[in-house]
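What follows is a single structure, written as structure tokens, with notes after it.
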Amino acid sequence: MASSKQRLDQLLVMRALAASRPQAQRLIMAGKVRVAGQLADKPGRRIAADAELSVAAGERFVGRGGAKLEHAFQTFGLQASGLICLDIGASSGGFTDCLLQHGAAKVYAIDVGRGQLHQKLRQDPRVVIMDKTNARYLRPDDLGELADLAVMDVSFISLTKVMPAIKDMLRPGAHLLTLIKPQFEAGRQEVGRGGVVREAAVRQRVIEQLRQWGTEQLGLRWLGVC
């Protein structure tokens, strides 16, 4: 039996590849959408409901972090539908946007800065804005509930300083996804100009040290790196 057909713009929204039909239409008209690998330029085109769709990376989200989180979701087979989520180091909200497009019920957008979150996200009732908040000192009572998923992108601090507090904010069986920035984990002598760690061996050692620390000190189960 042939698959039922849907409008391309509607299908993008149904697949969480666009936040709304107007956004889907803009992406299609801008040449950012492919169906089964072929460029699609008509929002009203009817295609099979199970057709392979792709959107150019970085176009779906308000910040570049969204594409990074999307890659992690695909790599590890995770989802956010109906979940309570934490976005640590939310900034403009790339991660938050990705979580919402994947159906998150609520996202706590936490950042030490102020006023950085994209206006679209500030207006979304599912987003709880927590500006001027240092995640290192968060406690479960600060939210009044535990989260199902945490995503993290922090700078100028080691993950070992932040993750213990975040672990306490999560339900048993929850997931934590974080960017690893070697320049904030390696020794000063190992960080080059511009804050770049050029030695592959140093980067790999940082990852292994974090893996070992997380499993032994926090009791976490390591999913991997992508």
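List of remarks:
- Among the residues listed as 67, 90, 24, 18, the single one being in contact with a helix residue (DSSP H, G or I) (Cβ under 6 Å, 6 or more places away or on another chain) and closer than 22 Å to residue 175 by Cβ: 90
- Residue ID - farthest from residue 117 (Cα to Cα), chosen from residues in region 48-80 that are surrounded by fewer than 16 Cβ atoms within 10 Å (Cβ to Cβ) and among the charged types (D, E, K, R): 50
- Scanning region 13-31 for residues that are under 17 Å from residue 120 (Cβ atoms) and either part of a helix (DSSP H, G or I) or β-branched (Val, Ile, Thr) (or both) yields 13, 21, 22, 23, 24, 25, 26, 27.
- Some residue of region 165-188 being in contact with a strand residue (DSSP E or B) (Cβ under 9 Å, 6 or more places away or on another chain), within 26 Å of residue 74 (Cα to Cα) and without any contact (Cβ under 8 Å) to a residue 24 or more places away in the chain: yes
- Residue count for region 32-48, restricted to those that are part of a loop (DSSP other than H, G, I, E, B) and either without any contact (Cβ under 8 Å) to a residue 24 or more places away in the chain or not assigned by TED's automatic domain parsing to the domain that holds residue 22 (or both): 3.
- Flag: residue 151 matches the condition of being of a type outside the set (Gly, Ala, Ser), within 20 Å of residue 174 (Cα to Cα) and in contact with a Leu (Cβ under 7 Å, 6 or more places away or on another chain).
Here's the yes/no breakdown for (1) aromatic (Phe, Trp, Tyr); (2) within 22 Å of residue 104 (Cβ to Cβ); (3) exposed (fewer than 14 other Cβ atoms within 10 Å of the Cβ):
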{"site": "166", "(1), (2), (3)": "no, yes, no"}
{"site": "170", "(1), (2), (3)": "no, yes, no"}
{"site": "187", "(1), (2), (3)": "no, no, yes"}
{"site": "190", "(1), (2), (3)": "no, no, no"}
{"site": "194", "(1), (2), (3)": "no, no, yes"}
{"site": "205", "(1), (2), (3)": "no, no, no"}
{"site": "208", "(1), (2), (3)": "no, no, yes"}
{"site": "218", "(1), (2), (3)": "no, no, no"}
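- Taking the listed residues 135, 200, 186, the one that is on the phi < 0 side of the Ramachandran plot and assigned by TED's automatic domain parsing to the domain that holds residue 95 is 135, with no other qualifying.
- Residues that are within 21 Å of residue 146 (Cα to Cα), out of contact with any strand residue (DSSP E or B) (no Cβ under 9 Å at 6 or more places or on another chain) and in the same structural domain as residue 138 (by TED's automatic domain parsing) are absent from region 55-70.
- Test result for residue 51, outside the structural domain of residue 120 (by TED's automatic domain parsing), on the phi > 0 side of the Ramachandran plot and of a type in the set (A, V, I, L, M, F, W, C): no
- When region 182-199 is filtered for residues that are in contact with a Gly (Cβ under 8 Å, 6 or more places away or on another chain) and assigned to a loop (DSSP other than H, G, I, E, B), only 198 remains.
- Set side by side, the residues 144, 113, 66, 103 differ, and just one is assigned to a loop (DSSP other than H, G, I, E, B) and within 25 Å of residue 222 (Cα to Cα), which is 103.
To keep it simple, each residue is scored yes or no on (1) of a type in the set (Val, Ile, Thr); (2) more than 20 Å from the chain's Cα centre (by Cα); (3) under 29 Å from residue 140 (Cα atoms).
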{"position": "13", "(1), (2), (3)": "yes, no, no"}
{"position": "32", "(1), (2), (3)": "no, yes, no"}
{"position": "35", "(1), (2), (3)": "yes, yes, no"}
{"position": "54", "(1), (2), (3)": "no, no, no"}
{"position": "87", "(1), (2), (3)": "no, no, yes"}
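The values are calculated or read from the model by the stated rules, or taken from the named source; none is laboratory data. If you're wondering where the values come from, they're calculated on a predicted model, not measured in any experiment. Using ideal geometry, Cβ is built from the backbone for each residue, glycine included, and neighbour counts are taken over all protein chains shown.
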